[in-house]
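Step one of this worksheet: look at the structure below.
The values are calculated or read from the model by the stated rules, or taken from the named source; none is laboratory data. Computed from a prediction, not measured in an experiment: that's the story for all the values here. Cβ sites come from the backbone with ideal geometry, for glycine too, and all protein chains shown count toward neighbours.
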Amino acid sequence: MYISKNIGSISRFLRVMALSTAIGTTLLGCVMAAVGVGAASITSVDVVHDRRSLGEYFDDNAIEVTLKQHILRDSVLRTNTHLNGTSFNGILLLTGEISDETSKQQITDYATNIEGVRQVVNETRIAGKTAFFSRTNDTWLTGKVKSIMFKELRLDANRIKVKSEYGNVYLMGIVTEDEADVATQIASSVRGVVRVIKVFEYQS
């Protein structure tokens, strides 16, 4: 059963990547760059350590790429929002800035109907796009949190996704309660972190 699901998920991921060729010439370079990011995130160390099956792993990457393509195709979303989608085991976290409540509801509805999505957690803010410095700081926070996690012997950092937005740090993964507590403590200890949001699934 796992083999069948894995092959199906990989095929779907490749189909999603192939769809980018249908995007207009103006957006093609951007779309391919977005697809490249999704594909590059699939590494052997992630697959070995991840608690998701290989099929679920590919499903999550396909979900993220599908959302990126939708944003690039929509001129309003592309121009007026700074929107990110992070998927883990079918839970899709939306972060960033969006122009109005109508657009926020529309992107939630779209995300909910992406194949493989089990739940949407919409943490977007109604605001203008953040400045370059703010995004750079968020990237630094993510890297700092991850680097400390890799040093923590009680935790396998490869099993936890970290996403930072506007000083808020989001933690995703399939973890035990003890692992969740350790990860939360680490994220909270990093200077500059405003809030830690747990988007975990728990296993006994």
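If I filter the stretch 106-113 for residues that are at pLDDT below 95 and either touching a Lys or Arg at 6+ places or on another chain (Cβ under 6 Å) or not in a helix (DSSP H, G or I) (or both), do I get at least one hit? For the stretch 106-113, residues at pLDDT below 95 and either touching a Lys or Arg at 6+ places or on another chain (Cβ under 6 Å) or not in a helix (DSSP H, G or I) (or both): absent. When Ile98, Ile63 are checked against the criterion of being more than 20 Å from Ile160 (Cβ to Cβ), touching a Leu at 6+ places or on another chain (Cβ under 9 Å) and touching a residue at least 24 places away in the same chain (Cβ under 8 Å), a single residue qualifies: Ile98. Checked against the criterion of being at pLDDT below 95 and assigned to a helix (DSSP H, G or I), the stretch 80-98 contains one or more residues that satisfy it.
Each residue in the stretch 142-167 was checked for being closer than 15 Å to Ala180 by Cβ and either hydroxyl-bearing (Ser, Thr, Tyr) or in contact with a Lys or Arg (Cβ under 7 Å, 6 or more places away or on another chain) (or both), and 3 pass.
When the stretch 180-204 is examined, which residues are found to be of a type in the set (Lys, Arg) and surrounded by fewer than 16 Cβ atoms within 10 Å (Cβ to Cβ)? Step through it out loud before you land on a result.
So in the stretch 180-204, the residues of a type in the set (Lys, Arg) come out as 191, 195, 198.
Passing the criteria: Arg191, Arg195.
Kindly indicate whether Glu177 is at pLDDT below 95 and buried (at least 20 other Cβ atoms within 10 Å of the Cβ).
Numbers: at pLDDT below 95: yes; buried (at least 20 other Cβ atoms within 10 Å of the Cβ): no.
It is false that Glu177 is at pLDDT below 95 and buried (at least 20 other Cβ atoms within 10 Å of the Cβ).
Output yes when any residue across the stretch 109-121 is hydroxyl-bearing (Ser, Thr, Tyr) and in the same structural domain as Leu77 (by TED's automatic domain parsing), and no when none is. Yes; the residues of the stretch 109-121 include at least one that is hydroxyl-bearing (Ser, Thr, Tyr) and in the same structural domain as Leu77 (by TED's automatic domain parsing). If the condition is being surrounded by 15 or more Cβ atoms within 10 Å (Cβ to Cβ), more than 14 Å from the chain's Cα centre (by Cα), not in a helix (DSSP H, G or I) and not charged (D, E, K, R), then the stretch 117-162 contributes Thr130, Leu155.
Taking first residues from the stretch 152-163 that are touching a residue at least 24 places away in the same chain (Cβ under 8 Å) and partners that are part of a loop (DSSP other than H, G, I, E, B), the Cβ contacts under 7 Å between residues at least 6 apart in sequence or on separate chains come to Asn158/Asp50; Arg159/Asp50; Arg159/Arg51.
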